[in-house]
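Would you mind keeping the following structure in view while I ask a few things?
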Amino acid sequence: MGLSIMSIPITLTVNGVRREIVLEDARVTLLDLLRERLDLTGAKKGCDRGQCGACTILVDGTRINACLALAVSHDGASLLTIEGLADGDVLHPVQAAFLDNDGFQCGFCTPGQILSAVALIGEGGLAEEGGPADPERVREGMSGNLCRCGAYAGITQAVLQAHAAMTHAAMHAPDVLPGGNLTEDAA
Amino acid sequence: MKSFDYVRAGSLAEAVAAASAPGAAYLAGGTNLVDLMKGGLTRPDRLVDLTRLPGLDRIETLPDGATRIGALVRNGALTRDAGFAGRYPAVVEALLSGASAQLRNAATTAGNVLQRTRCGYFYDPASACNKRSPGAGCEARGGITRTHAVLGWSEHCIATHPSDFCVPLAALDAVVEIEGPTGRREVPFDVFHLLPGDTPERETALRAGEVVTAIRLPPEAAGFAGHSRYLKVRERTSYAFAVVSAAVGLRLEGGTIADGRIALGSVALRPWRAREAEALLAGRAPSPEVFAEAARAALAGATPSGDNAFKIELARRIVVRALTLAAAGTPGRMPALPASPFATSPTAGASHHA
């Protein structure tokens, strides 16, 4: 039954594209697979131990740390990385909000921050019905993403702006595309 | 990381058979196991992947009113289940106060219960640790012991169990459902984790090859929904393990406590159920004096395992605070900072000087 020295074929859908991958080693994480095999280097390797959040990606719509996820265990999953978030040249509202609010300095943690924020806004619960998002709930919901430059104030502002833009857009244009992209320029 | 064989189990029977080989370990969310493997602290020869097993990812209400949480239900999914949160708010508050959203989305019910201690000496391969190498000694003794155990520890191990989730589960009389080579059995939650004694390498009641299939909350556990809290003191506001925590539940009848539950977290190598303290609550009206009496009883057997006597008084105060907040009623909406004793909301109630 052991498969460690055999080739293990898996299938992943990465940013909407189906990929057939043969693993030569069961130790490969989703993070290493993305970066080393698929040349998608947006997800970053910070701590590699599930503490910093720089490797955050969406797997089947939920945010996880790609560094602790064995690829072989995620056969069949659908992954969204920062490379798949924008709609062509149109930035996702969270990307636009990070630019508008200086939600970064060096940028290393930013792909993880943005995907974490996309998921956080999608999870709901940041605001009372129809109201603005609560900054304290934003900070708590983003606490799994560390920023060593300390851009937290801008990051919180960016998530608040994106939340407002996406809530507004969802009310006026409910046909959100599967990747989370909006059909209108909500930013 | 050492290389390993990978087995994707298609059924429980297949999983149990595959895990009977020496050096095998079960894999689910991987948030603890993969981390330990990267650190060289756990070196399995074979991983038996449970994530494809059918039927273990459900939250079920049983005919008698009990709730069964499947072993593979992700911690994050459990927090987002509105029906579950309404019945067991302290369990959800505990989960939301632990780790990060990313980790909760991957970590599973059984994996959380089975997570290893975060003792810094256990995590440091250069330090002697009786858990990692039985008989090697415990380098935590006489070391940096601020966060170590004050209850149930031994000279061989002073580590604590780090889970938040487990604390309300112990308070609510949860049951661990197990399947293994000799069939199915159940273990009461508050004796599932073993105290260290002179065999700290033995951590749970699980026998070789056994697998946790579910955690079950008995019918009466939902009776505390209106008056229950989990409170957790941390070194920082969020994303940190507890220094001390407490889960409490009160069932009030006509102004008196018909049934009270208290469990403490991060004070021992198991989530610590305080039954003597609970007995003092029964039949009494809630009051600061009664809560203080219960808190003293909960910590009556506590002794420092090092430079951590402050945890005993801190635990007493967090028990009083949790009981006070629970008596006032479970908040209608989850606090912005779940389990924080320093929540900024004016409705959070208690003063900082419990």
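Laboratory data are not the source of any read-out in this text; all were calculated from the coordinates shown. Quantities reported herein were computed from a predicted structural model and do not represent experimental measurements. Note: ideal-geometry Cβ built from the backbone for every residue, glycine included; neighbour counts use all protein chains shown.
Please state the shape class of segment B:86-212: rounded when a/c is under 1.5, otherwise prolate if a/b exceeds b/c and oblate if not, all from the C-alpha gyration tensor.
Details: a/c = 1.88, a/b = 1.33, b/c = 1.41.
Judged from the Cα gyration tensor, segment B:86-212 comes out oblate (a/c at least 1.5, b/c at or above a/b).
Could you state the number of Å between the C-alpha centres of segment B:1-73 and segment B:318-336?
Taking the Cα centre of segment B:1-73 as reference, the centre of segment B:318-336 is 35 Å away.
Ranked from highest to lowest mean number of other Cβ atoms within 10 Å per residue, what is the order of the peptides B:295-304, B:149-158, B:183-192?
B:149-158, B:295-304, B:183-192
Can I ask one more? If you average the alpha carbon positions of segment A:50-74 and of segment B:217-263, how far apart do those two centres end up, in angstrom?
Value for the Cα centre distance between the two parts: 31 Å.
Roughly how crowded by other chains is peptide A:65-77, in terms of the mean Cβ count from those chains within 10 Å of each of its Cβ atoms?
Per residue, the average neighbour count from other chains is 5.
Further question: Specify the residue with the greatest mean-square fluctuation among B:Lys131, B:Lys38, B:Lys311, computed from a Gaussian network of chain B linking alpha-carbon atoms under 10 Å apart.
Top of the fluctuation ranking is B:Lys38.
Follow-up question, since we're still on this one. Simple spin-label model, 7 Å along Cα-to-Cβ: B:Leu41 to B:Thr237 in nm?
Spacing of the two 7 Å Cα→Cβ label points: 2.8 nm.
Still on this model: Quick one, can you get me the convex hull of the C-alpha atoms of the protein assembly as shown expressed as volume per residue in Å³? Mind dumping the intermediate values first?
Values: hull volume 83.1 nm³, N = 541.
Cα convex hull per residue, to the nearest whole number: 154 Å³.
Say we join alpha carbon atoms closer than 10 Å with springs in a Gaussian network model of chain A; which of A:His163, A:His92, A:His74 then has the biggest fluctuation?
With Cα springs under 10 Å in chain A, the top fluctuation among A:His163, A:His92, A:His74 is at A:His74.
Something else about it: For peptide B:299-305, compute the average count of partner chain beta-carbon atoms within 10 Å of each residue's beta-carbon.
That average works out to 0.
Another question, if that's okay. Once you have the Cα-Cα distance between B:Ala279 and B:Lys2, take 0.36 nm times their residue separation minus that, and quote the gain in nm to one decimal.
In short, 94.7 nm is gained.
Per residue and in Å³, how big is the convex hull formed by the alpha-carbon atoms of chain B?
Per residue, the Cα convex hull of chain B comes to 130 Å³.
For segment A:34-44, what does the Karplus curve 6.51 cos²θ - 1.76 cosθ + 1.60, with θ = phi - 60°, yield as ³J(HN,Hα) per residue in whole Hz, taken in order and with x for Gly and Pro?
4, 6, 8, 9, 9, 6, 9, 9, x, 5, 9
What lysines could a cross-link reach from A:Lys44, if we take a straight Cα to Cα line under 26 Å and drop same-chain neighbours fewer than 8 places away?
Hits, sequence-local ones excluded: B:Lys2, B:Lys38.
Residue by residue through B:76-88, how many Cβ atoms from other chains fall within 10 Å of the Cβ on average?
So the per-residue partner count for this stretch is 1.
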